[in-house]
Amino acid sequence: MKLLAAFAGALLCLASTANAQETVLKFGHAASSKHLFHTGLEDFAKRVADKTGGKVKIEVYGDRQLGDDKQLLEGIQIGTIDGALVSSPTLPLSIGATAFDALQLPFVVGSYEQLSGALLSPVGDELLKSLDQKSIKGLGFIEAGQRHFLSRGKAVEKVADFAGLKTRIVPIPLHKATWEAVGVNPIGMAYGEVYSALETGTIDAVEINLSSIESESLYDAAKNVTLTGHYFWPGVLMMSNIGWQKLSPEVQAALEEAGRETTAEAYKTAAAQESEVTKALEAKGVTITKLSDLPEMQEKTSGVVTEWLKKDPLIQSFYDAVKAGK
């Protein structure tokens, strides 16, 4: 009995040591827990656990539990939040990371595969590394989906139908210039306010991805989707540089490797779900329309691309990488 007691004590000691060595990191995002961002972060968490033998556990918090994108960025920079997946347009808006406008130049990227190739190339690494000067460690990208147009009134069938529509955008200069060129009345608004704004008629429309229309139940407030595919919506996977510096080189390497693998998988997942979500929305009474004169919309926004290529060398480098990958 004494031997068994000693053995049991040894096991408890080992378990206690193992638990003491476990590092728990909390990662948040501002989308629904049913969203592709959540799925992608959970995939990242699993890969990190596998690569570290369970020594690093990442807890995923969706539904804005740790804050919206702006709050997540602020928390990461001062070290009160371990990590997050932040929508790329928030970076130019909140921390002046202009280079990330490259990811949403209108009609520059034509497919998930093309974008994945660019983000996994050296220019993608450069974008992530550019966050070092903002006290942020960039780890990878997770895609929310190609952007289209959701309206609560009649379906938008041609470019002329965009005229004057009160349309929610993320209020960054790139988006404002893009949508003013298209002809809508762009309105800056927090993501969490979109549903009620559509429901009450405060806005007529929103440019958005299909996955968000489904996960946020926006189809209850607006029933017309126009497929435009004007740009994609990458989320940037990141950690606080303060917390990053506390990790061992081995754990840092594991997180970087997991981030790269997650990026590749996230784009495959996003591409695969596009048709599935389209069918799901149609089953909920959403009308899906193709813009009849898409080349006209592309032409109207081409000047925005030309202007933005001059704003940061990394924007031009990204553009060149995408064109080289075609």
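Computed values, structure above
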quantity: Matching residues, segment 78-119, being at positive phi and in contact with a strand residue (DSSP E or B) (Cβ under 8 Å, 6 or more places away or on another chain); calculated: Gly79
quantity: Matching helices (runs of 4 or more DSSP H) fully within segment 38-154 where at least 2 residues are within 15 Å of the chain's Cα centre (by Cα) and within 27 Å of Tyr195 (Cβ to Cβ); calculated: 69-78, 90-95
quantity: Residue check for Asp63: in contact with a helix residue (DSSP H, G or I) (Cβ under 7 Å, 6 or more places away or on another chain) and not basic (Lys, Arg); calculated: no
quantity: Condition broken by Lys310, with the remaining ones in (1) part of a loop (DSSP other than H, G, I, E, B); (2) under 28 Å from Ser215 (Cβ atoms) satisfied; calculated: (2)
quantity: Failed criterion for Ile142 (all others in (1) modelled with pLDDT of 95 or more; (2) of a type in the set (A, V, I, L, M); (3) surrounded by fewer than 23 Cβ atoms within 10 Å (Cβ to Cβ); (4) closer than 30 Å to Thr80 by Cα hold); calculated: (3)
quantity: Cβ-Cβ under 6 Å pairs, at least 6 apart or on other chains, segment 246-266 side within 23 Å of Ser116 (Cα to Cα) and in the same structural domain as Gln114 (by TED's automatic domain parsing), far side of a type in the set (Phe, Trp, Tyr) and crowded, with 21+ Cβ neighbours inside 10 Å; calculated: Ala258/Phe44; Thr262/Phe44; Thr263/Phe141
quantity: Considering residues of segment 145-177 that are modelled with pLDDT of 95 or more and β-branched (Val, Ile, Thr) only, the residue farthest from Asp293 (Cα to Cα); calculated: Ile169
quantity: Residue tally, condition exposed (fewer than 14 other Cβ atoms within 10 Å of the Cβ) and either touching a strand residue (DSSP E or B) at 6+ places or on another chain (Cβ under 9 Å) or within 19 Å of Tyr112 (Cβ to Cβ) (or both), over segment 269-303; calculated: 7
quantity: Selection status of Gly83, surrounded by fewer than 21 Cβ atoms within 10 Å (Cβ to Cβ) and touching a residue at least 40 places away in the same chain (Cβ under 8 Å); calculated: no
quantity: Scan of segment 1-53 for residues that are at pLDDT 50 or above and among the aromatic types (Phe, Trp, Tyr), ordered by number; calculated: Phe27, Phe37, Phe44
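The values are calculated or read from the model by the stated rules, or taken from the named source; none is laboratory data. These figures come from a predicted structure and were not determined experimentally. Cβ coordinates were reconstructed from backbone atoms using ideal geometry, including for glycine residues, and neighbour counts include every protein chain displayed.
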